1. Would you mind stating whether THR102 is of a type in the set (S, T, N, Q) and either modelled with pLDDT of 90 or more or open to solvent by 70 Å² or more (accessible area, probe 1.4 Å) (or both)?
2. Mind checking which residues of region 105-127 are assigned to a strand (DSSP E or B) and open to solvent by 70 Å² or more (accessible area, probe 1.4 Å)?
3. Would you check which residues across region 46-60 are open to solvent by 40 Å² or more (accessible area, probe 1.4 Å) and under 14 Å from the mean Cα position of the chain (by Cα) and list them?
4. Does GLY67 qualify as being under 18 Å from the mean Cα position of the chain (by Cα) and part of a helix (DSSP H, G or I)?
5. Among the numbered conditions (1) surrounded by 15 or more Cβ atoms within 10 Å (Cβ to Cβ); (2) touching a Lys or Arg at 6+ places or on another chain (Cβ under 7 Å); (3) at pLDDT below 95, tell me where THR63 comes up short.
6. Can you give me the number of residues within region 132-166 that are free of Cβ contacts under 8 Å to residues at least 24 places away in the same chain and assigned to a helix (DSSP H, G or I)?
7. So, ARG84, is that one open to solvent by 80 Å² or more (accessible area, probe 1.4 Å), touching a residue at least 12 places away in the same chain (Cβ under 8 Å) and assigned to a strand (DSSP E or B) or not?
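The values are calculated or read from the model by the stated rules, or taken from the named source; none is laboratory data. Predicted, not measured: the structure shown is a model, and the values here were computed from it. Using ideal geometry, Cβ is built from the backbone for each residue, glycine included, and neighbour counts are taken over all protein chains shown. Surface areas here come from the heavy atoms of the whole protein model, side chains and all, with no ligands, DNA or RNA. Shrake-Rupley method; radii C 1.70, N 1.55, O 1.52, S 1.80 Å.
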Amino acid sequence: MTWTLLVEPQLQRGQRHWVVDPAHSRAEFTVANFGRTVYGRAPIRNGRLTTGPGGRPETVTGTVDLGAIDTAHARRDRDLRARRLLDLDRYPLMTFTADHITDPAGEWRVAGTAQVRGRGVELICTVTRFVLGPDDTVRLFAHAVLDRREIGIRAPELMIGRYIAIDLNVLLRPEAESD
């Protein structure tokens, strides 16, 4: 997959900045819980991608609203707010800022720092697919894995799995130029 070929039409019109459309984007996660897989989702509040010369991604930032997490189980959602778990009353947001973006084997690897639960942890997102829309939008799909121990959640692995799989489905729109 080559990013340059994907954004070429927009580059011809000078597009260099892309913003997340929160209404059409989401973060989903899975984690083991007492031997079963728990699924959940949280809204993506905002994000931005900047491309440089030739359409190569240069910066990526984003924010997920963990305070609005939904596992389709009200008690579990309340439990996740607890200080010993995600501590969502103090840290309702997960932010990400890319430090390094590469294309080693046809899949973009976006390495950066995620701020979760008041801690900065390394997170690597792999962009597995992107689609150019007819209305100059870009839909991208990415995957990452977060080690919950790195954000200070201590619990037996039987109770909560060590790794949280995160899948992003993001719609990017060309950023409107300001006057």
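1. So THR102 does not fit the description; no.
2. ARG109, GLN115, ARG119, GLU122
3. ASN46, ARG48, THR59
4. Judged against the criteria, GLY67 is a match.
5. Failed condition: (3).
6. Number of matching residues: 1.
7. Answer is no for this residue.
Conditions (1) modelled with pLDDT of 90 or more; (2) over 18 Å from ILE151 (Cα atoms); (3) aromatic (Phe, Trp, Tyr), marked per residue:
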residue: MET1; (1), (2), (3): no, yes, no
residue: ALA32; (1), (2), (3): yes, no, no
residue: ARG41; (1), (2), (3): yes, yes, no
residue: GLY47; (1), (2), (3): yes, yes, no
residue: PRO53; (1), (2), (3): no, yes, no
residue: ALA68; (1), (2), (3): yes, yes, no
residue: ALA74; (1), (2), (3): yes, yes, no
residue: ARG81; (1), (2), (3): yes, no, no
residue: LEU86; (1), (2), (3): yes, no, no
